1. Among Leu437, Phe379, Leu225, whose Cα projects farthest towards the positive end of the dipole of the chain, with charges put on the beta-carbon of Lys, Arg (+1) and Asp, Glu (-1)?
2. Computed FRET efficiency, Cβ-Cβ of Leu95 and Gln293, R0 56 Å: what is it to the nearest 0.05?
3. With +1 on the Cβ of every Lys and Arg and -1 on the Cβ of every Asp and Glu, and nothing else charged, how large is the dipole of the chain about its Cα centre, in debye rounded to the nearest 20?
4. Calculated FRET efficiency, Ser466 and Val141, Cβ-Cβ r, R0 30 Å, to nearest 0.05?
5. Which of Tyr388, Ala17, Thr124 sits closest to the plus end of the dipole of the chain, meaning its Cα is farthest towards the positive end, when Lys and Arg get +1 and Asp and Glu get -1 on the C-beta?
6. Would you kindly find the accessible area of Thr148, with a 1.4 Å probe and non-protein molecules such as ligands, DNA and RNA excluded, rounding to the nearest 10 Å²?
7. Pairs of Cα atoms under 8 Å, at least six residues apart: use those to get the relative contact order of the chain, whole percent.
8. Counting only the heavy atoms of the protein chains, how much of Met7 is accessible to a 1.4 Å probe, in Å² to the nearest 10?
Amino acid sequence: MSDLHYMSATEALAKFASRDLSPVELLTAVIARAEAVEPAINAFAETRFDEALAAAKAAEARYASGEPLGPLDGLPVAVKEEAPIAGQRNTLGSLPLRDVVATETAAFVQRIIDAGGIVHARTTTPEFSSAPVTWSRLWGVTRNPWNTRYSPGGSSGGSAASLAVGSTTLATGSDIGGSIRIPSSFCGVVGFKPPYGRVPEVAPFNLDHYCHEGPIARTVADCALLENVIAGPHPSDVASIRPKLEIPATLEPVAGMRIALSPDLGCYQVDADVAANTLAAADRLRDAGASVQEVSLPWDLETIARTVDIHFGMIFGASMKEINDQHADELTPYVRRLVADAERVSKDDFYAGLGLEAAIYAPLGRLLDEYDALICPTFAVPALPAEYDTDDPVEVNGRLVERWLDVLMTLPFNIASRCPVLNVPSGLSGDGVPTGLAIVGRTFDDVTAFRVAAAHEERLPWLTGSGPRPAL
């Protein structure tokens with residue numbers, strides 16, 4: 001029972017159905033774990049344990065009568081605080097918004113609740129989800145449970161950290177520049193950036209094609225379970241895709257599949273441990289019967305950074321301008337820098353940025369026309385320091401990288417936003433934190449990405465059985 005808080009969602013559901021486990025027992029174990037580790041990692045912005053226990057008792061009664069509410073009934077789900085839930089705080093991690101309470105619930109969160117998921121906690125983010133680490137003046141510093149000197153990543157850092165440490169069973173994330181995949185990589189969990197439009201988003205960011213909501217979990221099957229609940233068209237979101245796509249419960253093997261491997265995406269400096277673990281992941285997929293071939297991409301960091309600066313400036317930075325004008329003294333320095341950078345972006349830049357986006361996708365599109373999927377490191381280094389700020393340099397193999405965007409290997413796949421991307425753990429670094437493998441599918445081909453992820457996970461189990469776990 002000491003490991004009950006690490007039980008996978010799919011196993012818990014089977015035990016609920018057989019009456020070998022109660023939702024109350026699982027939630028009690030998860031809450032006990034949270035109370036033990038929260039002082040060290042600070043993954044939760046808010047907890048709702050009393051309400052959650054009442055919901056778990058109701059789920060227990062439904063299983064006793066053989067009438068579960070839906071595919072998540074009785075499972076603890078930590079929801080990233082950026083997603084509104086009516087009647088709950090929706091601060092976006094910002095001091096000036098500390099008293100804001102949501103009046104509506106995001107469509108994808110409502111689907112979790114309707115499916116029986118129990119929202120026992122809201123997870124921490126950086127302010128306005130705008131950094132690759134998770135700290136803010138409102139919530140303080142969230143830390144990586146594998147090594148608390150490091151960050152769990154951002155912006156879905158609280159979600160990934162809580163999964164890694166066992167204080168939730170499932171979690172949600174959002175991703176505008178890597179915010180699902182970066183924390184999943186740093187914390188050794190599975191995170192999925194669905195193609196743009198797969199999961200309904202709250203306006204106006206539903207019309208930002210860099211922006212995605214998605215699932216984070218400890219196993220590939222759990223990730224698919226949550227994705228199948230939250231995905232699908234919704235009348236509130238004109239960009240949401242019809243028809244609904246389901247990830248099948250049984251995934252076909254990868255034998256015979258052609259997979260492209262790029263250890264550096266053609267332009268990134270990559271930490272030696274990250275690179276070695278990526279090559280080891282490729283070997284696992286070869287063992288599974290796939291043909292994995294190293295390829296090159298003609299990308300360069302200047303073009304990627306310029307493209308992202310334009311897009312973030314026109315949308316992300318602009319969205320924070322008003323609050324910066326009124327409350328700059330209360331905001332984090334990384335938010336103030338984003339707003340200042342946005343001031344330098346013009347409408348002419350916006351038009352030029354569209355051309356840059358097309359030019360970045362073109363070689364990737366040709367590559368994925370030849371291969372079934374692409375694998376690469378999720379992030380250039382294993383993790384960033386817990387209190388890292390975006391004007392700090394990053395050390396890679398003994399050399400300093402000055403620009404924070406130049407270690408975010410996630411960015412090209414927000415530009416190529418219709419490509420699904422899964423992060424799975426690829427190994428441990430010398431600092432004891434996990435590293436991540438990104439699995440990039442063809443546009444809207446989610447199922448193939450899950451097939452590759454499942455084949456890799458079969459050969460490198462993580463946070464299950466005898467797999468590695470944080471010492472915390």
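1. Leu225
2. On the way: r = 50 Å, r/R0 = 0.89.
Between Leu95 and Gln293 the formula returns 0.65.
3. Numbers: 37 positive and 60 negative charges, 135 e Å.
The dipole magnitude comes to about 640 debye.
4. Details: r = 32 Å, r/R0 = 1.05.
The formula returns an efficiency of 0.45 here.
5. With unit charges placed on the Cβ atoms, the residue in question is Ala17.
6. Its accessible surface works out to 50 Å², give or take rounding.
7. Details: 1143 pairs, mean separation 80.1, N = 472.
Result for the chain is 17 percent.
8. Solvent-accessible area, nearest 10 Å²: 30 Å².
The values are calculated or read from the model by the stated rules, or taken from the named source; none is laboratory data. In this text the structure is predicted, and so the values were computed from the model without any measurement. With ideal geometry, Cβ positions are generated from the backbone for all residues, glycine too; neighbour counts draw on all protein chains shown. In case anyone asks, the SASA skips ligands and DNA or RNA and just uses the protein heavy atoms, side chains included. Shrake-Rupley method; radii C 1.70, N 1.55, O 1.52, S 1.80 Å.
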